[in-house]
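Note sheet for the following structure.
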Amino acid sequence: MSRAILKAALILSLTCIPSAFAADKYKLIIGVIPEVNLVKQMERFVPLSDYLDKKTGMDVEIKPLSNYGQLYEELRDGKVDGGFFGSLVYGITHERIGIIPLARPVLPGDKSTYTGLVFVRKDAGIKKPADMKGKTIALADPATTAGYLAQKAYFADNGINMDNELKILWTGSHEATIQAVLSNQAEIGGAKSSVVAKYRKGNRIFDTAVDIINENPKKGVPDNTLAVSKSLDPAKRDLLLKTLLAMNNEPEGKKALEKFGAIRFIQTTNADFKPLYDLAKHLKVELTSYPYKKEQNRR
């Protein structure tokens, strides 16, 4: 069995048994939030971790997580060294314990940012925001910008308290949110623009059944950014950044990027998250105390 296949099998079984191939290597554990289902996540991230293994000399392990807020908790508790952060969970982590952003992917179309979309079923009889009161909205997780905060802002700007005047169906991922709306579990949905765009390409039913009615924040927030603990050795941190930024300059790196769904990585700083901080300020959300768990947001 090849090292890549062995590693994927270990990750998919959610074990942390170290590979014999990496006995003398420094283990670097990177958490991954559940944007899509586990198999699709591993198809993206295992080739990237294998590439980083080879180029950095570290044993890079991808750890899939069950919810968005868990990434903050795992870093806080020292169970991961870093992770690919959505913007809201990045902001929560940065403001509470500090974190160092390194790089984010640039997707086809030269996009390195995303927005949160609000979409409705065409047969739901919704003509204006007031028609949505009492309806069910499918959302990924309260620790996401594109799957909660952006929609909350849309409704607030239209005089509606989304948490109290709509029924929230927590789905766990952006992909599951789309599927919930298409399967009539909810009349309304909110999800990440890049996930919606990819889904639309392979599923024509989306455009026949759904209308996108809002996009927020307009400037977009950084796509899932690899950020690491402040305690990670600066030399290892710099090596990770250098390796990511150079991937698109060699054939092996390009192959890993293609499987990841990106064309290159670009350096990212905390200043790039200004649209997230502005959105939180607009909604009077204190990131240091924000209740990011589903049970805390349940009304």
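Sticking with the crude label model, points 7 Å out along Cα→Cβ, report the distance from Lys201 to Tyr26 in nm, one decimal please.
3.6 nm
Stick to Cα atoms and the Kirkwood definition of Rh, then tell me Rg/Rh for the chain. Could the numbers behind the result be given before it?
Details: Rg = 19.2 Å, Rh = 19.7 Å.
Here Rg/Rh amounts to 0.97.
Once you charge only the Cβ atoms, +1 for Lys and Arg and -1 for Asp and Glu, what is the size of the charge dipole of region 70-216 about its Cα centre, to the nearest 20 debye?
Working: 18 positive and 17 negative charges, 80 e Å.
With only Lys, Arg, Asp and Glu charged at Cβ, the dipole is about 380 debye.
Once the Cα atoms of region 155-267 are picked out, what are the Rg and Dmax in Å?
18.9, 52
Straight distance only, please: which aspartates and glutamates reach the Cα of Lys79 with their own Cα at less than 20 Å, same-chain residues fewer than 8 apart left out?
Within the straight-line cut-off, Lys79 pairs with Asp24, Asp53, Asp59, Glu61, Glu95, Asp233.
Pick out, in residue order, every one of the trypsin sites (Lys or Arg not before Pro) in region 24-129 that is DSSP loop and has at most 12 other C-beta atoms within 10 Å; say none if there are none. Intermediate results must be reported in sequence, preceding the final value.
On the way: sites: Lys25, Lys27, Lys40, Arg44, Lys54, Lys55, Arg76, Lys79, Arg96, Lys111, Arg121, Lys122, Lys127; in loops: Lys25, Lys79, Lys127.
Qualifying residues, ordered by number: Lys127.
My understanding is that a pair violates if its Cα-Cα distance is over 31 Å; which of Lys198/Lys254; Lys127/Lys219; Lys259/Lys281 do that in this structure? Could the numbers behind the result be given before it?
Numbers: Lys198/Lys254 20 Å; Lys127/Lys219 26 Å; Lys259/Lys281 36 Å.
Beyond 31 Å between Cα atoms: Lys259/Lys281.
Determine which aspartates and glutamates satisfy two conditions relative to Lys218: a Cα distance under 17 Å, and not lying fewer than 8 residues away in the same chain.
Asp110, Asp157, Asp272, Asp278
Using a cut-off of 15 Å between alpha-carbon atoms, which aspartates and glutamates can reach Lys55, once sequence neighbours fewer than 8 places away in the same chain are excluded?
Those aspartates and glutamates meeting the cut-off are Asp238, Glu250, Glu252.
How much mean residue ellipticity at 222 nm does the chain get from its helices, if each DSSP H run of length 4 or more adds -39500 (n - 2.57) and you divide by all residues, to the nearest 500 deg cm²/dmol? Walk me through the intermediate numbers first.
Details: 13 runs with 120 residues, N = 299.
Per the formula, -11500 deg cm²/dmol.
Once both labels are modelled 7 Å past Cα along the beta-carbon direction, what's the Glu258-Asp238 spacing in nm?
A separation of 3.4 nm, rounded to one decimal place.
Please report the base-10 log of the normalised intensity I(q)/I(0) for region 215-299, using a Debye sum with one equal scatterer per alpha carbon and no solvent, at each q in 0.15 (1/Å).
Here log10 of I(q) over I(0) equals -0.81.
Can you tell me which of His282, His94, His174 moves the most in a GNM of the chain? Springs connect C-alpha atoms under 10 Å apart.
Ranking His282, His94, His174 by mean-square fluctuation puts His282 first.
Please sort by residue number the trypsin sites (Lys or Arg not before Pro) in region 145-247 whose DSSP state is loop and whose Cβ has at most 12 other Cβ atoms within 10 Å. Don't skip to the end; give the middle numbers.
Details: sites: Lys152, Lys167, Lys192, Lys198, Arg200, Lys201, Arg204, Lys218, Lys219, Lys230, Lys236, Arg237, Lys242; in loops: Arg204, Lys230.
Here the trypsin sites (Lys or Arg not before Pro) that fit, given the DSSP loop and packing criteria, are Arg204, Lys230.
Please give the length that would be gained between Ile212 and Asn158 if that part of the chain were fully extended, namely 0.36 nm times their separation in residues minus their C-alpha to C-alpha distance (nm, one decimal).
Working: separation 54, 0.36 × 54 = 19.44 nm, distance 1.63 nm.
Gain on extension, Ile212 to Asn158, equals 17.8 nm.
Return the ratio Rg/(2.2 N^0.38 Å) for region 50-116, where Rg is computed over Cα atoms only. All intermediate terms of the calculation are to be shown ahead of the outcome.
On the way: Rg = 13.4 Å, N = 67, 2.2 N^0.38 = 10.9 Å.
Taking N as the residue count of region 50-116, the ratio is 1.24.
Laboratory data are not the source of any read-out in this text; all were calculated from the coordinates shown. Keep in mind the model is a prediction, meaning the values are calculated, not measured. Reconstructed Cβ throughout: ideal geometry from the backbone, glycine too, with neighbour counts over all protein chains shown.
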